1. Might you report the magnitude of the Cβ-based charge dipole of the chain about its Cα centre, with Lys and Arg at +1 and Asp and Glu at -1, to the nearest 20 debye?
2. Once Lys and Arg get +1 and Asp and Glu get -1 on their Cβ, which of Pro150, Ala36, Val135 lies farthest toward the positive end of the dipole of the chain?
3. Please list the helices of the chain that count as membrane-span-like by this rule: a mean Kyte-Doolittle hydropathy of at least 0.0 together with Cα atoms stretching 18 Å or more along the helix axis, each helix being a complete DSSP H run.
4. Net charge near Lys54, counting Lys/Arg +1 and Asp/Glu -1 over other residues with Cβ under 14 Å of its Cβ?
5. For Thr62 and Ile96, compute 0.36 nm times the residue count separating them, minus their Cα-Cα distance, and round to one decimal in nm.
6. If you put +1 on each Lys and Arg Cβ and -1 on each Asp and Glu Cβ, how big is the dipole of region 90-135 around its Cα centre, in Debye rounded to 20?
Amino acid sequence: MKRIKAIYPGSFDPPTNGHLDLIERGSKIFDELVVAILRNPEKDPLFSVADRRKMLEAMITTAGFDNVSVDTFDGLTVDYALRLDAQAILRGIRAISDYEYELQMALMNRKLQPALETVFMMPAEKYSYLSSRLVREVAQLGGSIDCLVPELVAQKVREKMDVAHKFANGNDLAGKSRSKKKKA
Ligand code: PNS
């Protein structure tokens, strides 16, 4: 019997409950699902690829998805999918606003590699407004992200924000002591 392997490519910076919802849905319809983190040197991410990989692996282990693994890749998604012998690319569509970009990407991927199929799935409605970008923004501005990401991710984001705040305050203190010295 033919086994269907799919990749779920993305940035996952950080992984959210919406990603986890989609991974669960994908794990139910594909025999094997590889969550593939893009190594993108042009982006300035909040988390390193290694951190994102650890968070996704922990989420998958906690949820008990035994046909899901995590990997990283660079270059074209279609080339990576072929190297893995995958037949499908899984992507999530939350709202109509996602559709145009996702359609463009799916059609370009089909042009590049007609044998690969893009499969769109919708996360639960309660995650339809959720994105990694908004999670980063809410956390940076001091809002709660507790219901938006798994607890282990929330913890990591909080740690990042603490370091960033300490760094910013440290710089402020350094600035204040410099200006005091100037006045003296
Ligand atoms: O989570 P994201 O940032 O929406 O994921 C976008 C991603 C990684 C799927 C997309 O940028 C991608 O496939 N990049 C790899 C390079 C590539 O194949 N580009 C052509 C896409 S048509």
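What follows draws every value from the coordinates through simple rules; no lab data is involved. Keep in mind it's a predicted model, so treat the numbers as computed, not measured. Positions of Cβ are generated from backbone atoms using ideal geometry, with glycine treated the same way; all protein chains shown enter the neighbour counts.
1. Details: 28 positive and 25 negative charges, 228 e Å.
Roughly 1100 debye for the chain.
2. Going by the charge dipole, the pick is Val135.
3. Details: long enough: 17-29 (19 Å, -0.55); 49-63 (21 Å, 0.03); 96-112 (24 Å, -0.46); 151-183 (47 Å, -1.16).
Length and hydropathy pass: 49-63.
4. Values: positive: Arg52, Arg53, Lys156, Lys160; negative: Asp13, Asp51, Glu57, Asp71, Glu159.
Charge balance in the 14 Å sphere: -1.
5. Values: separation 34, 0.36 × 34 = 12.24 nm, distance 3.14 nm.
Contour length minus Cα-Cα distance gives 9.1 nm.
6. Working: 6 positive and 5 negative charges, 21 e Å.
Dipole size: approximately 100 debye.
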